[in-house]
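Structure first, commentary second.
The values are calculated or read from the model by the stated rules, or taken from the named source; none is laboratory data. As the structure is a prediction and not an experimental result, all values here were calculated from the model. Note that we place each Cβ from the backbone using ideal geometry, even for glycine, and neighbour counts take in every protein chain shown.
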């Protein structure tokens, strides 16, 4: 397999094809000339581009047939809405890696989470690291893209931000909201995913990806409020709001599932910043700013409503 992706059409399996990232990735890969198998648990109800294939990563026996003839498998599945997500995701990743090896898949591409190894990682980020390793169990080279918050219409983190701003004239937020992170636009995530697909020098590599800005969660809320409402929202930080209480609060104010919110919030007290930029040697180009990513997400959200 060579690095000139434009000259080679690959068969790419995309798991989570109906999800936040997968639904945007499938058409982007097709646009590059690849044949795409859109993997979903309900293929009969799939109305997107690509070839729908039915399988469930949590049921290993369903994985063999969809893997046949696949060059690259993109793994975009997680179980953050489940209290037992660490065990479920570990078992699914190991089974997927073995099925890929049995089918002769040449590369697995995985979206992981930013955060330095050796730190006291949250269960969410710790699980993402474990999945990285387990996907390679069968010996297929894994390419990992580690990201923080992905900003785009329909994303859980974006929906939390948008709905908090929409529903609250002022906010009391926990002290960890002063932690810095590096949000990235969905468009840039798709660009990087497409860019590493089938690229030999990316095989077995871990890349950090991030947007143009390093911001605290408070700054993200303020910047998003200015874009959405034309003004900043009053925010006060307090030291006593625990992640568990925060998740219940988000569950009350937004329609984001409280279990999912809790598992995400557990990660927010850890600073997650991009420190390695080698991805740009593989996929050149400057990433979008946070404000531009918010503007794009707002436009897409408004278009869906219309």
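Quick one: which residue in 69, 16 is part of a loop (DSSP other than H, G, I, E, B) and surrounded by fewer than 16 Cβ atoms within 10 Å (Cβ to Cβ)? Residue meeting the stated conditions: 69.
One residue stands out among those in region 123-136 that are touching a strand residue (DSSP E or B) at 6+ places or on another chain (Cβ under 9 Å), surrounded by 17 or more Cβ atoms within 10 Å (Cβ to Cβ) and within 16 Å of residue 109 (Cβ to Cβ): the one that is modelled with the lowest pLDDT, which is 128.
Under the condition of being modelled with pLDDT of 75 or more and farther than 12 Å from residue 164 by Cα, the residues counted in region 235-277 number 11. Checking 56, 117 one by one, the residue that is within 28 Å of residue 275 (Cα to Cα) and under 19 Å from the mean Cα position of the chain (by Cα) is 117 and no other.
Regarding residue 147, is this residue at pLDDT 85 or above, buried (at least 21 other Cβ atoms within 10 Å of the Cβ) and farther than 24 Å from residue 98 by Cβ? Against the criterion (at pLDDT 85 or above, buried (at least 21 other Cβ atoms within 10 Å of the Cβ) and farther than 24 Å from residue 98 by Cβ), residue 147 qualifies.
The residue that is modelled with the lowest pLDDT, counting only those in region 93-122 that are farther than 28 Å from residue 68 by Cα and surrounded by 18 or more Cβ atoms within 10 Å (Cβ to Cβ), is 121.
Within region 76-92, is there a residue that is farther than 19 Å from residue 132 by Cβ and touching a strand residue (DSSP E or B) at 6+ places or on another chain (Cβ under 8 Å)? Within region 76-92 (the criterion being farther than 19 Å from residue 132 by Cβ and touching a strand residue (DSSP E or B) at 6+ places or on another chain (Cβ under 8 Å)), the answer is no, since none of the residues qualifies.
Considering (1) assigned to a loop (DSSP other than H, G, I, E, B); (2) touching a strand residue (DSSP E or B) at 6+ places or on another chain (Cβ under 7 Å); (3) under 19 Å from residue 15 (Cβ atoms), the lone condition that residue 115 does not fulfil carries the number (3).
Checking 139, 210 one by one, the residue that is modelled with pLDDT of 95 or more, touching a helix residue (DSSP H, G or I) at 6+ places or on another chain (Cβ under 8 Å) and either over 27 Å from residue 95 (Cβ atoms) or surrounded by fewer than 21 Cβ atoms within 10 Å (Cβ to Cβ) (or both) is 139 and no other.
The residues of region 1-19 that are modelled with pLDDT under 50 and in contact with a helix residue (DSSP H, G or I) (Cβ under 9 Å, 6 or more places away or on another chain), listed by number, are 1, 2, 3, 5. Is it the case that residue 48 is touching a helix residue (DSSP H, G or I) at 6+ places or on another chain (Cβ under 7 Å), surrounded by fewer than 22 Cβ atoms within 10 Å (Cβ to Cβ) and modelled with pLDDT of 95 or more? No: the conditions fail for residue 48.
Conditions (1) touching a residue at least 60 places away in the same chain (Cβ under 8 Å); (2) assigned to a strand (DSSP E or B); (3) surrounded by 17 or more Cβ atoms within 10 Å (Cβ to Cβ), marked per residue:
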| residue | (1), (2), (3) |
| --- | --- |
| 33 | no, no, no |
| 36 | no, yes, yes |
| 52 | no, yes, yes |
| 74 | yes, yes, yes |
